[in-house]
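The values are calculated or read from the model by the stated rules, or taken from the named source; none is laboratory data. Nothing here was measured: the structure is a model prediction, and the numbers come from that model. Here the Cβ positions follow ideal geometry from the backbone for every residue, glycine too, while neighbour counts run over all protein chains shown. We work out accessible area using only protein heavy atoms, side chains counted, and drop any ligands, DNA or RNA first. Shrake-Rupley method; radii C 1.70, N 1.55, O 1.52, S 1.80 Å.
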Amino acid sequence: MSLVASFDAVSVTKEGSRILSDISWDIDSSERWVIVGPNGAGKTTLLEACADQYLGHPQKFALVPTEPAEMFVKDSLAEELAYADTVAGAPPGLTRETLESILSGSWRDKIWAQMSSAHPRDLSRGQQTAVAIAIQLSHKPQVLGLDEPTRGLDEAAILSLREVIGCVKETGVALLIATHQPTHFAELSNHVYELSGGKIHKTVVLSLIHISEPTRQ
């Protein structure tokens with residue numbers, strides 16, 4: 001493995017309160033990091049700070065936000081995927097091929113049936129996330145960030161989205177996933193960190209027991 005992203009002394013203060021405090025760590029190729037913590041712990045702030053560090057360089061770090069619909073700007077899914085090719089400077093059809101390659105069977109059939117007619121915001125929340133992932137993969141990022149990708153999804157949708165993320169993992173892209181539902185990503189992760197008190201701590205979760213050690217600070 002080789003180093004693909006390095007974050008040094010990431011600190012964020014909002015309205016006089018320190019949200020993140022001098023967080024530093026490195027990500028190697030093909031690693032899968034999961035950041036856990038309750039709502040309000042600063043997980044979204046952390047991912048946004050990581051994205052800001054590589055602002056203008058989506059080939060290094062690309063982020064799928066909690067609300068994937070924020071990324072959509074076209075009136076049909078087909079137009080959205082074609083536009084993603086243009087923005088990324090990718091060969092025509094690459095984003096569509098990427099989406100097809102990462103979709104599970106049931107989602108693939110539903111999305112392809114609506115390719116030309118449906119607005120991307122008319123897709124289900126989980127399907128929107130899958131489309132947003134394909135759009136960001138068009139940049140061929142070394143690290144893909146996912147902010148609470150399973151929020152609001154039922155169990156069937158979570159299963160389908162986990163299959164999508166599993167396909168992304170197989171491409172060798174490093175993953176940084178923020179979630180308050182770590183059990184959904186247990187088999188996909190090789191690093192689990194808990195965000196608390198503005199810092200992250202490496203965590204081994206055994207039933208309800210947390211054993212933590214400080215990260216590089």
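Checking the a/c ratio against 1.5 first, then a/b against b/c, what shape does the Cα gyration tensor give for the range 80-159? It is oblate, given that a/c is not under 1.5 and a/b is not larger than b/c.
Out of the total accessible area of the chain (probe 1.4 Å, heavy atoms of protein only), what percent is carbon and sulfur? Within the chain, the accessible surface is 51 percent carbon and sulfur. Given the options V87, V12, V143, which has the most mean-square fluctuation in a GNM of the chain, springs set between C-alpha atoms less than 10 angstrom apart? Its mean-square fluctuation being the largest, the pick is V87.
Between S11 and E100, how high is the FRET efficiency from 1/(1 + (r/R0)^6) when r is the Cβ-Cβ distance and R₀ = 41 Å? Nearest 0.05. Please report the intermediate quantities before stating the final value.
Values: r = 41 Å, r/R0 = 1.00.
Computed FRET efficiency for S11 and E100: 0.50.
Identify the trypsin sites (Lys or Arg not before Pro) of the range 35-93 meeting these criteria: DSSP loop state and at most 14 other C-beta atoms within 10 Å of the C-beta. Intermediate values should be presented prior to the final figure.
On the way: sites: K43, K60, K74; in loops: K60, K74.
Hits after loop and neighbour filter: K74.
With the simple spin-label model, which puts each label point 7 Å out from Cα in the Cβ direction, the H119 to N190 separation comes to 4.3 nm. Cα gyration tensor of the chain, axes a ≥ b ≥ c as square roots of the eigenvalues: rounded (a/c below 1.5), prolate (a/b > b/c) or oblate? Since a/c reaches 1.5 and a/b is larger than b/c, the shape of the chain is classed as prolate. Highest GNM mean-square fluctuation among T44, T86, T95, for the chain modelled with Cα contacts below 10 Å: T86. Cross-link partners of K169 among lysines, defined as those whose alpha carbon lies under 24 angstrom from its own and excluding same-chain residues fewer than eight positions apart: K43, K60, K110, K140, K202. Amide H contacts for L176 (H built 1.01 Å from N in the peptide plane; partners 5 or more residues away or on another chain; cut-off under 5 Å): W33, L144, G145, L146. Database remark: amide H of D28 closer than 5 angstrom to the amide H of V4 (H placed geometrically; neighbours at sequence offset of 5 or more, or on other chains; Pro and chain starts carry no H).
Once you sort the root eigenvalues of the Cα gyration tensor of the range 139-179 as a ≥ b ≥ c, which label holds: rounded (a/c under 1.5), prolate (a/b larger than b/c) or oblate (the other case)? It comes out oblate by the Cα gyration axes.
Taking only complete DSSP H runs, can you tell me which helices of the chain stretch 20 Å or more along their own long axis by Cα positions and average at least 0.0 on the Kyte-Doolittle scale? All intermediate terms of the calculation are to be shown ahead of the outcome.
Working: long enough: 155-170 (23 Å, 0.69).
Qualifying helices: 155-170.
On a per residue basis, the range 1-103 carries 48 Å² of accessible surface, using protein heavy atoms and a 1.4 Å probe. Amide H contacts under 5 Å for I19: V12, T13, K14, restricted to partners 5 or more places along the chain or on a different chain, H placed in the peptide plane at 1.01 Å from N. Using a simple spin-label model with pseudo-atoms 7 Å out from Cα toward Cβ, H57 and E79 lie 3.4 nm apart.
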